[in-house]
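Data block below; observations after.
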Amino acid sequence: MKVLRGNPRLWGPAPPGGSAVTIGVYDGVHRGHQTVLSDLATRAGILEVPQRAVLTFDRHPLGLVSPERVPRLLTTIEQRLEILESLGVDVVGVLPFEQVRDMHVAEFIHQVLLGSLGARLVVIGTNFRFGRDREGDVGALREEGTRHGFEVDAVELLRGDGATVSSSAIRSLLAAGDVEGVESALGRPFELRGLVVPGDGRGKTIGFPTANLSFSDEMAVPARGVYAVQVSMGDRLIPGVVNVGVRPTFGGEVLTVEVHLLGFQGDLYGQTLGVRFKHRLREEIRFSGVDQLVAQIEGDIALARRLLGERYGT
């Protein structure tokens, strides 16, 4: 998959045969997005357009337009690119929002859609707006499409079963700790990636060493609690139990994400882990002492092994 970055005015020339293009934030690349991409592939085949392209943004647009309303992200840019590649997308253009927000509609269409991608089909959400002062909408795009010879489809983001799905609704599920609902809406487990950094080492002293995850504060995090997870480390997928919270038993105040990898021994400092949230085991609880905490952790691990299944030797 080809990735275009930087000034979109310099992305050209357009590929021979042109492109079928969809535009949007695509945060999460959830099942609604996946339905759009599937439809895009089908239409591209009918029109004999050789290239499927996605235009996304280097940040959430609200980060510049209305910072106080910017949501936490479900995926980093790199995760988004990986998922789009796995779905068969040929080209992704990562638009620098600070530049394109000031483009007039005609400039965006001529420079980016036509000049860089040779758009023959453009698929957008029904509420999509673009250009300076959000002056561009579906109607404006269709007018330009008639003038320049590309088709425009405006679609609702629907799952395969016809239910509407949105990134904001998925964030609400995540904030409630409903990671199974999130997995259903995404079509895969929610994954939080981060670098393993030194913590206070308290887990090791009670017999359950944990990896303390450092991640961007732009990322969404599940509700405080304990979860059964799958941890990706390079090509390996390891079962684990993660605590999202402040460790009230020890008087903590700062939110941490600490994961205990089941059956793993080794040094994880400096490695990047992907924590895939599968099941919520319980809320975060303040215990009366370490012995009570240890007993609960042992129960959490036993439950996680049962939920995660036979593939981990349970």
Based only on other Cβ atoms within 10 Å, what is the fewest-to-most ordering of 166, 214, 19?
214, 166, 19
For the chain, give the magnitude of the charge dipole about the Cα centre (Cβ charges: +1 Lys/Arg, -1 Asp/Glu; no others), in debye to the nearest 20.
280 debye
Given R₀ = 45 Å, FRET efficiency for residue 46-residue 68 by Cβ-Cβ distance, to 0.05?
0.55
Rounded to 0.05, the calculated FRET efficiency for the beta carbons of residue 134 and residue 156 at R₀ = 30 Å is 0.90
I need to check one value: relative contact order of the chain, counting alpha carbon pairs closer than 8 Å and at least 6 residues apart, in percent.
17 percent
Cleavage-rule hits, GluC sites (Glu not before Pro), the range 41-128, DSSP coil, Cβ neighbours within 10 Å at most 10
48
Part-to-part distance (alpha-carbon centres) for the range 67-138 and the range 267-300, which is given in Å
39 Å
Placing each pseudo-label 7 Å from Cα in the direction of the beta carbon, residue 298 and residue 7 end up separated by a distance in nanometres of 6.6 nm
So if R0 is 41 Å, what FRET efficiency would residue 256 and residue 107 give, r being the distance between their Cβ atoms, rounded to the nearest 0.05?
0.35
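FYI, it's all coordinate maths here, none of it is from the lab. Computed from a predicted model, the values in this text were never measured in an experiment. Because the Cβ atoms are built from the backbone with ideal geometry, glycine has one as well, and the counts that use them run over all protein chains shown.
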